[in-house]
Each structure stands twice: as structure tokens, then as C-alpha cells.
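Rule-based calculations on the coordinates, nothing more; no lab input. This is a predicted model, so every value here is computed, not measured. Glycine gets a Cβ as well: all are built from the backbone with ideal geometry, and neighbour counts include every protein chain shown.
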Amino acid sequence: MEQRIIAFDVETPNYRNDRMSAIGLCEIQDGEITRNFYTLVDPEEEFDPFNISLTGITPEMVRGKPTFDVLWRLLEPLFEGSLLVAHNAPFDMSVLGKCLRDYGIVWKSQVEYACSCQMSRRLLPELPNHKLNTVSDYLGLSLDHHHAGSDAQACGEIFLACMKRGARLSSFRRRYDLQRLCTCR
């Protein structure tokens, strides 16, 4: 596994899921976690009570935090040339794509990704479900669920656990169309 892997997770402020209120990253190189990153993000949108209850993130907490377009200057060099991994990746990939689109940021038309949820389904079929907290509990991972930093760390550790259990990464690589907001067929 020579390519840099960026396991990431986003939290959103409302049902539209077109903005981030937080993002967490877990960088993996040479089969080891090398760094973690977490920040709140000012989504410049209203918050729904459901999302506040789920994530604990309030409008007051994001006031003065970077907006996505500012944060992208830090994220782009990390994402560039990396395989992106998320648990239930189509959700996180769509939020990323919507943020890029809505802020008028041109990056790539498509990006490679893998889904740690799909990997765990194939490699841990004995589990009753493959939600992040279920897989984390099974693997004995620490998790503060719906905290983007903790979720990204768990995603990275699940990815590594699946690789150690014999996952062939080529079987899980997908391409996400950031303009059409869907996995390429």
C-alpha cells in the first residue's frame, strides 16, 4: 500500500447535506496512521435541531471558524494524489462534491475512493450490521460517534483492519464524479 490514504468524515448542519460543519482526516502511509486533523467549519447555513442533537455542533461553535473555501487550501494538498476513504463513502463524497460545487472550486472531475463500510461488509460478514459504531465495537476501537475526528480515525483503523484481513484494495476502488455527484459506472 504505497499510495497515501486519507480517511475522512464530515458532519453537516442540516438535512440538505450540502455543507460541512466539521471535518476529520486520518492520514495513512505505508500501512500506518501518520497524522490526524480535525476542525469545525462555518457552513454559512442554518442548523437543524436534529443535526445539532446528533453532532453536538451548534451555530455558536462554528462562528469564526474557517469556511470551506478557506479550509480547502489546506485540504487540497492532502487530498491530491490520495485515495479517499470514508465509512458510507457516497455520503461523505457527495458532501465534498457539493461544497466544491457551491463554492465554485474547480478541483477534479473525478476522484478515487473506497468505502470502509463496503470493505467491512465483505470481510466481517458475521456482524449484524456494518455501521461505524458496530464495526468499531467489534474491532475494539475507541469511538466518539458523530465527532468527525473520531469517526475519521475509526474509519482509518477499520480500513487498516480490513487490509490486514486480506482485502484486495483493487476490489474496493471506485471513482466518484464530483460534478454529477455520483459513483461512476
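Quick notes
- Between SER109 and TYR138, the simple label model (points 7 Å from Cα in the Cβ direction) yields a spacing of 3.8 nm.
- Looking at segment 1-55, the chymotrypsin sites (Phe, Trp or Tyr not before Pro) that sit in a DSSP loop and have at most 10 other Cβ atoms within 10 Å of their own Cβ are TYR15.
- Compactness of segment 42-83 as Cα Rg over 2.2 N^0.38 Å, two decimals: 1.44
- The chain, dipole about Cα centre (Lys/Arg Cβ +1, Asp/Glu Cβ -1), debye to the nearest 20: 800
- With both residues required to sit in segment 65-185, DSSP beta bridges show an antiparallel share near 65%.
- Between 0 and 90°, nearest 10: helix 89-102 axis offset from the chain longest Cα axis: 30
- With 0.36 nm allotted per residue and the present C-alpha distance subtracted, the ARG16-ASN36 stretch has 4.5 nm of extension available.
- Remark: the GLU80-ARG122 segment gains 12.3 nm on full extension, using 0.36 nm per residue and subtracting the alpha carbon distance.
- Taking only the C-alpha atoms of segment 65-185, Rg followed by Dmax gives 14.9, 44 Å.
- Nearest 10 degrees, 0 to 90: helix 148-164 Cα axis against the chain principal axis: 20
- Exposed-loop-free span, longest in the chain, where GluC sites (Glu not before Pro) count as exposed if DSSP calls them loop and at most 14 other C-beta atoms lie within 10 Å: 127-185
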